[in-house]
Amino acid sequence: MDKFEQMMKDVKRTSPEELKADMEKFKGTCICPKCPTHTTCAKNAQELLFCLHGKSFMCISEQKACLCPTCPLTPELGLKNNSFCMKGAEKAQRYEHALWGTKMV
């Protein structure tokens, strides 16, 4: 079990208050707003933490660059994927890779 899988397992035993505190901490570390792909719409909608929450709902439709590999949350959370704003959260991408392999057909 890798770091991300362990974190997901631990979340089940975490109180709502602790989860909220963790998310606030992660928001403070998140570099999504600095990414060239992050749009004014995403900023106004306060879209952050795509690695945990999933892809942009309606604000991001074109990837200009990807800063995910350089984000401090990548090693902290044990993330293996990137382009979360376009492709979905780490958990979703891992699920898709498990179903379809490393490349979507």
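The values are calculated or read from the model by the stated rules, or taken from the named source; none is laboratory data. Because the structure is predicted, anything quoted here is derived from the model rather than measured. As a convention, Cβ positions derive from the backbone with ideal geometry for all residues, glycine included, and neighbour counts pool all protein chains shown.
Of the listed requirements (1) exposed (fewer than 12 other Cβ atoms within 10 Å of the Cβ); (2) of a type in the set (Val, Ile, Thr); (3) in contact (Cβ under 8 Å) with a residue 40 or more places away in the chain, residue 31 misses just one: (1). Do we find a residue being among the basic types (Lys, Arg), at pLDDT 95 or above and part of a helix (DSSP H, G or I) anywhere in segment 36-57? Yes: one or more hits.
Can you confirm whether residue 76 is free of Cβ contacts under 8 Å to residues at least 40 places away in the same chain and of a type in the set (Asp, Glu)? So that I can check it myself, show each step before the final result.
Details: free of Cβ contacts under 8 Å to residues at least 40 places away in the same chain: no; of a type in the set (Asp, Glu): yes.
Spelling it out, it is not the case that residue 76 is free of Cβ contacts under 8 Å to residues at least 40 places away in the same chain and of a type in the set (Asp, Glu).
Just one of the numbered conditions (1) in a loop (DSSP other than H, G, I, E, B); (2) under 13 Å from the mean Cα position of the chain (by Cα); (3) without any contact (Cβ under 8 Å) to a residue 24 or more places away in the chain is not true of residue 13: (2). Residues that are more than 21 Å from residue 23 (Cα to Cα) and among the hydrophobic types (A, V, I, L, M, F, W, C) were ranked within segment 60-82; the one that is surrounded by the fewest Cβ atoms within 10 Å (Cβ to Cβ) is 65.
What do you reckon, is residue 85 surrounded by 15 or more Cβ atoms within 10 Å (Cβ to Cβ), outside any loop (DSSP other than H, G, I, E, B) and not charged (D, E, K, R)? Give the derivation first.
Values: surrounded by 15 or more Cβ atoms within 10 Å (Cβ to Cβ): yes; outside any loop (DSSP other than H, G, I, E, B): yes; not charged (D, E, K, R): yes.
Taking the combined requirement at face value, the residue satisfies it.
Is it fair to say residue 92 is surrounded by 15 or more Cβ atoms within 10 Å (Cβ to Cβ), assigned to a helix (DSSP H, G or I) and out of contact with any Lys or Arg (no Cβ under 7 Å at 6 or more places or on another chain)? Criteria not met by residue 92.
Based on what the data block shows, is residue 23 farther than 23 Å from residue 2 by Cβ and among the hydrophobic types (A, V, I, L, M, F, W, C)?
Here the answer is no, as residue 23 does not meet what is asked.
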